[in-house]
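Trainee: I'd like to ask you about the structure that follows.
The values are calculated or read from the model by the stated rules, or taken from the named source; none is laboratory data. As the structure is a computational prediction, the values presented were derived from the model and not from experiment. Note that each Cβ is placed from the backbone with ideal geometry, even for glycine, and that neighbours are counted across all protein chains shown.
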Amino acid sequence: MNRLLPPLLLTLCAFTTLGTATAQTFPTKPIRWVSPWAPAGGNDVLSRAIGNEIARTLGQPVVVDNKPGASGTLGTDMVAKAPADGYTLTLGSPGTHATAASMVPGLPYDPVKSFTPIVLVGTVPNVLVVPPSVPANSVRELIAHLKAHPNSYNFASVGNGSMQHLAGELFKRMAGVEITHVAYKGSSPALLDLTSGRIEMAFESMPVVLQLVRSGKLKALAVTTPKRSSLLPDVPTVAEAGLPGFDVTIWYGVFGPAGMPADVTTKLNQSINAAIRTPELGQRLSDLGADVAGGSPQDLGRYQAAESTRWTRFIKEAGITP
């Protein structure tokens, strides 16, 4: 019967059959999930939580592989150059998928064109934290202290061009203070210096500093999102604490290499959407300070594009250079 079908129709049937077979069989081996930051950071914590959950539904292990360096772009580039078969994923964030093109000289990948968007996992606030040795218990007190001691304080970030870095730059601009940026290769080394008082402040993600704040090792002065966090309800936003309009939101989205089969992308999207809405993982994400998002691959693509435009404009207007 196939000899009677036009060649074009035969081709279309072959592609349809292949696509269906791919969706039905995927995955047949472990999935590599690259976290482009150091272990114990916000990206790493969320990657492992999501990976463990989808491993159950997909029937294959999800192995988190930490590849820190170059402000998160080292590991991200490894994903961009991996085979587009769905077996290599990453948890992208603004620093790797929105601001990198403006902040990383010679970026070896295109933040949009080099990836297949899969799903927006959620958003997480940064927290403005200082060690107990800093004589300030509010944003207003901190600003006053910084103005009285210009160029005497440093703020930590997980890398040049990261949202922690840009939060500090936005704070400098809006508050009219002079503080020096110190870039680290991840949250862990930055927190060692922060809790010991060797560095004076940071805008770090909620999952990373929550227990340190609760234990009294760090003081939380404000959160950087437009609304307060349910995990720190008594901590004001930076906007309400003295800098109206301040908004720095960390977002996390799952990406694969560009050109992934649509059916594989859909299967991963559905699996991750289901995972982040389970009571167990939903509570886990809430405990980490994340507001669960979800949605389609197209939703993530649109959100990424809007964030890229917003921060590219700020970087240019503020004169921030790599």
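Trainee: Could you tell me whether any residue of region 112-126 is surrounded by fewer than 23 Cβ atoms within 10 Å (Cβ to Cβ) and within 11 Å of the chain's Cα centre (by Cα)?
Mentor: Looking for residues that are surrounded by fewer than 23 Cβ atoms within 10 Å (Cβ to Cβ) and within 11 Å of the chain's Cα centre (by Cα), one finds at least one in region 112-126, hence yes.
Trainee: May I ask you to list the residues in region 91-113 that are assigned to a loop (DSSP other than H, G, I, E, B), of a type outside the set (D, E, K, R) and out of contact with any Gly (no Cβ under 9 Å at 6 or more places or on another chain)? Step through it out loud before you land on a result.
Mentor: If we filter region 91-113 for residues that are assigned to a loop (DSSP other than H, G, I, E, B), which is where we start, we get 93, 98-99, 104-113.
Then keep just the ones that are of a type outside the set (D, E, K, R); that gives 93, 98-99, 104-109, 111-112.
Result: Pro105, Gly106, Leu107, Pro108, Tyr109.
Trainee: Next question, about the same structure. For Ala222, state whether it is within 30 Å of Arg173 (Cβ to Cβ), over 20 Å from the mean Cα position of the chain (by Cα), hydrophobic (A, V, I, L, M, F, W, C) and surrounded by 15 or more Cβ atoms within 10 Å (Cβ to Cβ).
Mentor: Working: within 30 Å of Arg173 (Cβ to Cβ): yes; over 20 Å from the mean Cα position of the chain (by Cα): no; hydrophobic (A, V, I, L, M, F, W, C): yes; surrounded by 15 or more Cβ atoms within 10 Å (Cβ to Cβ): yes.
Criteria not met by Ala222.
Trainee: Determine, yes or no, whether Glu307 is among the acidic types (Asp, Glu), touching a Pro at 6+ places or on another chain (Cβ under 7 Å) and not assigned by TED's automatic domain parsing to the domain that holds Arg140.
Mentor: Details: among the acidic types (Asp, Glu): yes; touching a Pro at 6+ places or on another chain (Cβ under 7 Å): yes; not assigned by TED's automatic domain parsing to the domain that holds Arg140: yes.
Judged against the criteria, Glu307 is a match.
Trainee: Quick one: how many residues across region 129-155 are touching a residue at least 40 places away in the same chain (Cβ under 8 Å), within 30 Å of Pro105 (Cα to Cα) and of a type outside the set (S, T, N, Q)?
Mentor: Within region 129-155, residues that are touching a residue at least 40 places away in the same chain (Cβ under 8 Å), within 30 Å of Pro105 (Cα to Cα) and of a type outside the set (S, T, N, Q) number 3.
Trainee: Can you tell me which residues in region 136-164 are touching a His at 6+ places or on another chain (Cβ under 6 Å) and more than 10 Å from Glu200 (Cβ to Cβ)?
Mentor: Ser157
Trainee: A further question follows. Inspect all residues belonging to region 141-156 and state whether any of them is buried (at least 19 other Cβ atoms within 10 Å of the Cβ), within 23 Å of the chain's Cα centre (by Cα) and either of a type in the set (Phe, Trp, Tyr) or at pLDDT 95 or above (or both).
Mentor: Just the residues of region 141-156 that are buried (at least 19 other Cβ atoms within 10 Å of the Cβ), to begin with: 142-143, 146, 155-156.
Add one more test, that the residue is within 23 Å of the chain's Cα centre (by Cα), and what stays is 155-156.
Among the residues that remain, those that are also either of a type in the set (Phe, Trp, Tyr) or at pLDDT 95 or above (or both) are: 155-156.
Checked region 141-156: at least one residue is buried (at least 19 other Cβ atoms within 10 Å of the Cβ), within 23 Å of the chain's Cα centre (by Cα) and either of a type in the set (Phe, Trp, Tyr) or at pLDDT 95 or above (or both).
Trainee: Sticking with this structure for a sec: Among the residues of region 72-83, is any within 25 Å of Ala274 (Cβ to Cβ), touching a strand residue (DSSP E or B) at 6+ places or on another chain (Cβ under 8 Å) and crowded, with 23+ Cβ neighbours inside 10 Å?
Mentor: Taking every residue of region 72-83 in turn, at least one turns out to be within 25 Å of Ala274 (Cβ to Cβ), touching a strand residue (DSSP E or B) at 6+ places or on another chain (Cβ under 8 Å) and crowded, with 23+ Cβ neighbours inside 10 Å.
Trainee: Against the definition (farther than 16 Å from Thr99 by Cβ, touching a residue at least 12 places away in the same chain (Cβ under 8 Å) and among the aliphatic types (A, V, I, L, M)), how does Val158 come out, yes or no?
Mentor: On the way: farther than 16 Å from Thr99 by Cβ: no; touching a residue at least 12 places away in the same chain (Cβ under 8 Å): yes; among the aliphatic types (A, V, I, L, M): yes.
Answer is no for this residue.
Trainee: Give me the pairs: first residue in region 278-301 and over 23 Å from Asn126 (Cβ atoms) and touching a residue at least 40 places away in the same chain (Cβ under 8 Å), second residue part of a helix (DSSP H, G or I) and of a type outside the set (Phe, Trp, Tyr), beta-carbon distance under 7 Å, and six or more apart or on different chains, which are they?
Mentor: Filtered contacts from region 278-301: Thr278/Glu53; Ser296/Asn269; Pro297/Thr265; Pro297/Asn269.
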